[in-house]
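Visitor: Got a structure here, written out as C-alpha cells. Questions coming.
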Amino acid sequence: MSPQGNRNLSVMPLLEFVLDGFAGGLQTQALLFALFLALYVVAVLGNLAMMVVITLDARLHSPMYFFLKNLSLVDLCYSSVIYPKALANTVSSSKVITFEGCIIQFFFFSLMGATEAFLLAVMAYDRFVAICSPLRYPISMRPSVCACLVLVCYCGGCLNSILQASFTFSLPFCSSNHIDHFFCDVPPLLKIACADTTVNDLVMFGLCGLIIVGTTLVVLTSYGYITVTILRMRSGGGRHKLFSTCGSHMTAVSLFYGTLFVMYAQPGAVASMEQGKVVSVFYTLVIPMLNPLIYSLRNKDVKDALRRLGQRHTAT
C-alpha cells in the first residue's frame with residue numbers, strides 16, 4: 001500500500017456520519033415531515049401506477065411507453081434511495097448514517113440521477129425517429145434495440161456512479177462527521193474532507209457537465225428536427241396531438257435538466273448549502289412526483305388506459 005493510502009487510513013476513523021438535514025425547531029421538522037411524506041407517497045403511487053398501467057394495457061406496449069415505464073422505475077428508486085432515511089431523520093434525535101450506508105445511498109443516488117438523464121435523451125431520440133422517420137420506426141426502434149438503449153442508460157449511470165463514489169470516498173474525512181445535508185451528496189461531503197478537493201471538484205464538474213450537456217444536445221437536436229417536421233404538417237389536428245405528446249416530455253426534461261444544471265454543472269450557482277438543499281428536494285422528490293402527472297394528464301393514451309383499467313376493475 002502506498003504511503004498516501006496509509007495516511008488516509010490514519011486520519012479517517014469515522015464509522016458513521018450525521019445528516020444535519022434542514023435547520024429549525026420541532027414545528028419546522030414536523031412540517032417538513034408532513035410535506036416530504038405527502039410528496040413521497042404521491043411519487044411512489046404515481047410511478048407505480050404508470051408502471052402497472054403500461055404493463056397491463058397491451059395498447060401501450062410500444063417503445064415510447066417502454067421507455068416511460070423505465071423512467072417511472074428510475075424515479076421510484078431515485079426517491080426511495082433518499083426519502084425513507086430523510087423522513088426518519090426529521091422525527092429522530094439521532095440522524096446517524098453509517099459510513100457504508102452513506103456510500104450505498106450515494107452510489108444509487110448517482111446511478112439513478114445519471115440514468116434518468118440518459119433515459120430522457122433516449123426518449124427524445126425515440127420521438128425524433130417516430131415523427132421524422134415513421135417508415136423506419138418499427139425497425140429502428142424494435143424491442144431488441146429499445147432494450148439495448150435502456151441497458152446503455154443504466155450502464156452509463158453505473159459508470160458515473162462508480163467514478164463519483166471512488167473519487168469522493170477515497171478522501172479522508174477527519175474534520176467533522178456532520179454532513180450539512182439530508183442525504184449523502186458530493187458538495188456537502190467535499191466540505192468535510194480534510195484534503196485538497198480540487199481534483200474531486202473537477203471530476204464532479206466534468207462528469208456532470210458531460211452528462212448534462214451531452215444529453216441536452218441530443219434532446220435539443222431531436223426536438224429541433226421534430227418541430228420543423230410538425231410545422232410542415234398540413235393537418236392541424238395531427239400537429240396538436242404531436243405537440244401535446246412532445247410537450248409532456250419537454251416539460252419533464254426542462255424541469256430535470258434545469259435543476260441539475262444549477263446544482264452540479266455551474267460552479268458557484270448555489271450560494272449556500274440551505275439553498276442547495278431546496279434545489280435537491282426539487283429534483284429528487286418534486287420532479288419524480290410530477291413526471292407521472294405530466295405524462296398521464298397530458299397524454300390521451302395513458303388517460304384512456306387508466307379509464308379502461310378502472311372499468312375492468314369495476315366490472316370484476
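Visitor: Let me spell it out: the conditions are (1) charged (D, E, K, R); (2) surrounded by fewer than 23 Cβ atoms within 10 Å (Cβ to Cβ); (3) within 17 Å of the chain's Cα centre (by Cα), and D75 meets all of them except one. Which number is the exception?
Guide: So D75 meets the others, but not (2).
Visitor: Only one of these is over 28 Å from I179 (Cβ atoms) and among the small types (G, A, S): A114, A124. Name it.
Guide: Working: A114 fails: over 28 Å from I179 (Cβ atoms).
The match here is A124.
Visitor: Any chance segment 233-246 includes a residue that's open to solvent by less than 20 Å² (accessible area, probe 1.4 Å), in a helix (DSSP H, G or I) and at pLDDT below 75?
Guide: We begin by selecting, within segment 233-246, every residue open to solvent by less than 20 Å² (accessible area, probe 1.4 Å); these are 246.
Filter again for in a helix (DSSP H, G or I), leaving 246.
Right, trim to at pLDDT below 75 and you get 246.
Within segment 233-246, one or more residues are open to solvent by less than 20 Å² (accessible area, probe 1.4 Å), in a helix (DSSP H, G or I) and at pLDDT below 75.
Visitor: Also, I was wondering about something else. Could we say that V302 is surrounded by 14 or more Cβ atoms within 10 Å (Cβ to Cβ), modelled with pLDDT of 75 or more, of a type in the set (A, V, I, L, M, F, W, C) and under 26 Å from Y40 (Cβ atoms) here?
Guide: On the way: surrounded by 14 or more Cβ atoms within 10 Å (Cβ to Cβ): yes; modelled with pLDDT of 75 or more: yes; of a type in the set (A, V, I, L, M, F, W, C): yes; under 26 Å from Y40 (Cβ atoms): yes.
Yes, satisfied.
Visitor: Another one. Taking only segment 124-135 into account, find how many residues are open to solvent by 10 Å² or more (accessible area, probe 1.4 Å) and part of a helix (DSSP H, G or I).
Guide: Looking only at segment 124-135, we keep the residues that are open to solvent by 10 Å² or more (accessible area, probe 1.4 Å), and these are 125, 127-128, 130-135.
Keeping just the survivors that are part of a helix (DSSP H, G or I) gives 125, 127-128, 130-132.
Within segment 124-135, residues that are open to solvent by 10 Å² or more (accessible area, probe 1.4 Å) and part of a helix (DSSP H, G or I) number 6.
Visitor: Of all residues in segment 206-217, how many are open to solvent by 30 Å² or more (accessible area, probe 1.4 Å) and under 17 Å from L255 (Cβ atoms)?
Guide: 1
Visitor: Now a separate question. Limited to segment 150-185, what total is found for residues that are out of contact with any Phe, Trp or Tyr (no Cβ under 8 Å at 6 or more places or on another chain), more than 24 Å from V218 (Cβ to Cβ) and in a helix (DSSP H, G or I)?
Guide: 2
Visitor: Which of the following residues is over 30 Å from H181 (Cα atoms) and either at pLDDT below 90 or of a type in the set (F, W, Y) (or both): L68, L56, L135?
Guide: Values: L68 fails: either at pLDDT below 90 or of a type in the set (F, W, Y) (or both); L135 fails: either at pLDDT below 90 or of a type in the set (F, W, Y) (or both).
The conditions single out L56.
Visitor: Would you point out the residue of segment 144-175, among those that are over 24 Å from the mean Cα position of the chain (by Cα) and touching a residue at least 24 places away in the same chain (Cβ under 8 Å), that is surrounded by the most Cβ atoms within 10 Å (Cβ to Cβ)? Before the answer, list the steps.
Guide: Of all residues in segment 144-175, those over 24 Å from the mean Cα position of the chain (by Cα) come to 144, 170-175.
Cutting the leftovers down to touching a residue at least 24 places away in the same chain (Cβ under 8 Å) gives us 170-174.
Numbers: S170: 15, L171: 19, P172: 17, F173: 23, C174: 16.
Looking at residues that are over 24 Å from the mean Cα position of the chain (by Cα) and touching a residue at least 24 places away in the same chain (Cβ under 8 Å), I get F173.
Visitor: Assuming V145 fulfils every condition listed in (1) under 20 Å from L260 (Cβ atoms); (2) in a helix (DSSP H, G or I) apart from one, which condition is it?
Guide: For V145, the exception is condition (1).
Visitor: Another question, then. Is there any pair linking a residue in segment 283-298 that is among the basic types (K, R) to one that is surrounded by fewer than 24 Cβ atoms within 10 Å (Cβ to Cβ) and modelled with pLDDT under 90, with Cβ under 7 Å and at least six apart or on different chains, and which?
Guide: R298/S244; R298/G247; R298/S248
Visitor: If you go through segment 183-199 one residue at a time, do you hit one that is within 22 Å of Q275 (Cβ to Cβ) and of a type in the set (K, R)?
Guide: Quick first cut of segment 183-199, residues within 22 Å of Q275 (Cβ to Cβ) only: 183-193, 197.
Narrowing the set further to residues that are of a type in the set (K, R) leaves 191.
So far as segment 183-199 goes, yes, one or more of its residues are within 22 Å of Q275 (Cβ to Cβ) and of a type in the set (K, R).
Visitor: On to the next question. State which residue is nearest to A193 (Cα to Cα) when the search covers only segment 17-51 and only residues that are modelled with pLDDT under 90 and open to solvent by 80 Å² or more (accessible area, probe 1.4 Å).
Guide: L26
Visitor: In the set F282, F256, which member is in contact with an Asp or Glu (Cβ under 9 Å, 6 or more places away or on another chain) and either under 24 Å from F183 (Cα atoms) or modelled with pLDDT under 80 (or both)?
Guide: Numbers: F282 fails: in contact with an Asp or Glu (Cβ under 9 Å, 6 or more places away or on another chain).
Selected residue: F256, the only one of F282, F256 that is in contact with an Asp or Glu (Cβ under 9 Å, 6 or more places away or on another chain) and either under 24 Å from F183 (Cα atoms) or modelled with pLDDT under 80 (or both).
Visitor: Then there is this: Out of contact with any strand residue (DSSP E or B) (no Cβ under 6 Å at 6 or more places or on another chain), within 28 Å of V302 (Cβ to Cβ) and of a type in the set (D, E, K, R), is that true of K69?
Guide: Details: out of contact with any strand residue (DSSP E or B) (no Cβ under 6 Å at 6 or more places or on another chain): yes; within 28 Å of V302 (Cβ to Cβ): yes; of a type in the set (D, E, K, R): yes.
For K69, the condition - out of contact with any strand residue (DSSP E or B) (no Cβ under 6 Å at 6 or more places or on another chain), within 28 Å of V302 (Cβ to Cβ) and of a type in the set (D, E, K, R) - is met.
Visitor: Also, I was wondering about something else. Would you point out the residue of segment 186-205, among those that are out of contact with any helix residue (DSSP H, G or I) (no Cβ under 7 Å at 6 or more places or on another chain) and assigned to a loop (DSSP other than H, G, I, E, B), that is most open to solvent (accessible area, probe 1.4 Å)?
Guide: Looking at residues that are out of contact with any helix residue (DSSP H, G or I) (no Cβ under 7 Å at 6 or more places or on another chain) and assigned to a loop (DSSP other than H, G, I, E, B), I get D196.
The values are calculated or read from the model by the stated rules, or taken from the named source; none is laboratory data. All values reported here derive from a predicted model rather than from experimental measurement. Counting neighbours? That spans all protein chains shown, and the Cβs are built from the backbone with ideal geometry, glycine included. Accessible surface areas use protein heavy atoms only, side chains included; no ligands, DNA or RNA. Shrake-Rupley method; radii C 1.70, N 1.55, O 1.52, S 1.80 Å.
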